[in-house]
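Enquirer: Dropping a structure here in structure tokens format, bear with me for questions.
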Amino acid sequence: MAGRLAPRGDLDVTLSLAGRTAAPARQAVPVRVGGFGGADGLADYLKREGVEVLVDATHPYASGISANAATAARMAHVCLIALRRPAWVQVPGDRWTEASDVAAAVEALGKTSRRVFVTLGRNELAPLHNAPQHFYLIRSVDPVEPPLALPLVHYVTARGPFAEVDERALIAAHGIDIIIAKNSGGTATYGKIAAARALGIAVIMLRRPPASDEPAVHSVDDALISLDHALTSAATAARGV
């Protein structure tokens, strides 16, 4: 979405990143990195910077950030557009088991040793220590530091998008027989899901947190339409029409 907005001379766009990735991908608009100090801090920032529209396009599992965005927008009297990627849906051939959290996903692996492809954030891996009998292939954007205290683990650092053909090769190379993943939606990381289907491999899928009550759009195109509508409405109101 930032890339789509970058050429527009009528807008002053800032992209906010949480700062959890050491070397984020380059962006076509100015970037702000780091937290705000909760909803109050974000509301203060919106007021101080004269923000007119706040687009919440964070990860579907970052429910705390989305809640703070909604609260801050109300406090600052700023229009909020919530962009929510639709979840992936099972299709014939998928072998999914849902889990409420990472600990439940690890428990679902069972007692018998498995070869597990783990596609979670670096800060979510601690429950793997509860099941050291498994081999874990862990992929992350940045290295896992310090490494996990596990006897059978291999790390891959890579940034998506990931094509199905490459995911199939990675899975085959490491003899993976099960995957732990989040239902992130979108196309960038769907390759592993398609690869698992093609290879007949099971997937333990973490359930998404409950969605907020805020109205949401589900594509960048719809978010841009909502943005233009919000800006037009604000300009009309300012003219007293």
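The values are calculated or read from the model by the stated rules, or taken from the named source; none is laboratory data. Please read these numbers as outputs of a predicted model, since none were measured by experiment. Note: ideal-geometry Cβ built from the backbone for every residue, glycine included; neighbour counts use all protein chains shown.
Enquirer: Among the residues of the range 87-129, what is the count of those that are part of a loop (DSSP other than H, G, I, E, B) and of a type in the set (A, V, I, L, M)? If you could, list the steps in order and put the result at the bottom.
Expert: So in the range 87-129, the residues part of a loop (DSSP other than H, G, I, E, B) come out as 87-95, 100-101, 109-114, 120-121, 125.
Next cut, of a type in the set (A, V, I, L, M) only: 87, 89, 91, 109, 120, 125.
Counting residues in the range 87-129 that are part of a loop (DSSP other than H, G, I, E, B) and of a type in the set (A, V, I, L, M) gives 6.
Enquirer: Looking only at residues that are assigned to a strand (DSSP E or B) and hydroxyl-bearing (Ser, Thr, Tyr) in the range 145-189, which one is nearest to residue 118 (Cα to Cα)? Give the steps one after another, and end with the answer.
Expert: Taking the range 145-189 first, the residues assigned to a strand (DSSP E or B) are 153-157, 178-182.
Narrowing the set further to residues that are hydroxyl-bearing (Ser, Thr, Tyr) leaves 155, 157.
Working: 155: 10, 157: 12 Å.
This residue is 155.
Enquirer: If I ask for residues that are among the β-branched types (Val, Ile, Thr) and either modelled with pLDDT of 95 or more or more than 23 Å from residue 193 (Cβ to Cβ) (or both), which ones from the range 132-155 would you list?
Expert: In the first step, residues of the range 132-155 are kept if they are among the β-branched types (Val, Ile, Thr); the result is 138, 141, 144, 153.
Within the range 132-155, 138, 153 qualify.
Condition check ((1) surrounded by 15 or more Cβ atoms within 10 Å (Cβ to Cβ); (2) touching a strand residue (DSSP E or B) at 6+ places or on another chain (Cβ under 9 Å)) across all residues:
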{"residue": "32", "(1), (2)": "no, yes"}
{"residue": "82", "(1), (2)": "yes, yes"}
{"residue": "95", "(1), (2)": "no, yes"}
{"residue": "111", "(1), (2)": "no, no"}
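Enquirer: Name the pairs: first residue in the range 78-103 and free of Cβ contacts under 8 Å to residues at least 24 places away in the same chain, second residue surrounded by 13 or more Cβ atoms within 10 Å (Cβ to Cβ), Cβ to Cβ under 8 Å, at least 6 apart or on different chains?
Expert: 90/96
Enquirer: Cβ-Cβ below 8 Å, separation at least six or inter-chain, first residue in the range 46-65 and within 21 Å of residue 222 (Cβ to Cβ), second part of a helix (DSSP H, G or I) and hydroxyl-bearing (Ser, Thr, Tyr): which pairs?
Expert: Within 8 Å, the pairs are 51/45; 56/66; 58/66.
Enquirer: Only one of these conditions is not met by residue 133: (1) assigned to a loop (DSSP other than H, G, I, E, B); (2) at negative phi; (3) touching a helix residue (DSSP H, G or I) at 6+ places or on another chain (Cβ under 7 Å). Which number is it?
Expert: Going through the list (1) assigned to a loop (DSSP other than H, G, I, E, B); (2) at negative phi; (3) touching a helix residue (DSSP H, G or I) at 6+ places or on another chain (Cβ under 7 Å), residue 133 breaks only (3).
Enquirer: Of 161, 210, which residue is under 23 Å from the mean Cα position of the chain (by Cα), at pLDDT below 95 and closer than 21 Å to residue 102 by Cβ? Walk me through how you get there before you give the answer.
Expert: On the way: 161 fails: closer than 21 Å to residue 102 by Cβ.
Result: 210 is the single residue among 161, 210 that is under 23 Å from the mean Cα position of the chain (by Cα), at pLDDT below 95 and closer than 21 Å to residue 102 by Cβ.
Enquirer: Among the numbered criteria (1) under 20 Å from residue 231 (Cα atoms); (2) at pLDDT 95 or above, which one does residue 44 miss?
Expert: So residue 44 meets the others, but not (1).
Enquirer: Any idea which of 112, 71 is under 23 Å from the mean Cα position of the chain (by Cα) and of a type outside the set (Gly, Ala, Ser)?
Expert: Values: 112 fails: under 23 Å from the mean Cα position of the chain (by Cα).
Only one candidate qualifies: 71.
Enquirer: Only one residue in 8, 84, 20 is in contact with a His (Cβ under 7 Å, 6 or more places away or on another chain), closer than 25 Å to residue 219 by Cα and charged (D, E, K, R), so which one is that? Full working, then the answer.
Expert: On the way: 8 fails: in contact with a His (Cβ under 7 Å, 6 or more places away or on another chain); 20 fails: in contact with a His (Cβ under 7 Å, 6 or more places away or on another chain).
Unique residue meeting the criteria: 84.
Enquirer: Let me ask something else about it. Just to verify a result, which residue in the range 163-209, among those that are touching a residue at least 60 places away in the same chain (Cβ under 8 Å) and charged (D, E, K, R), is surrounded by the most Cβ atoms within 10 Å (Cβ to Cβ)?
Expert: This residue is 192.
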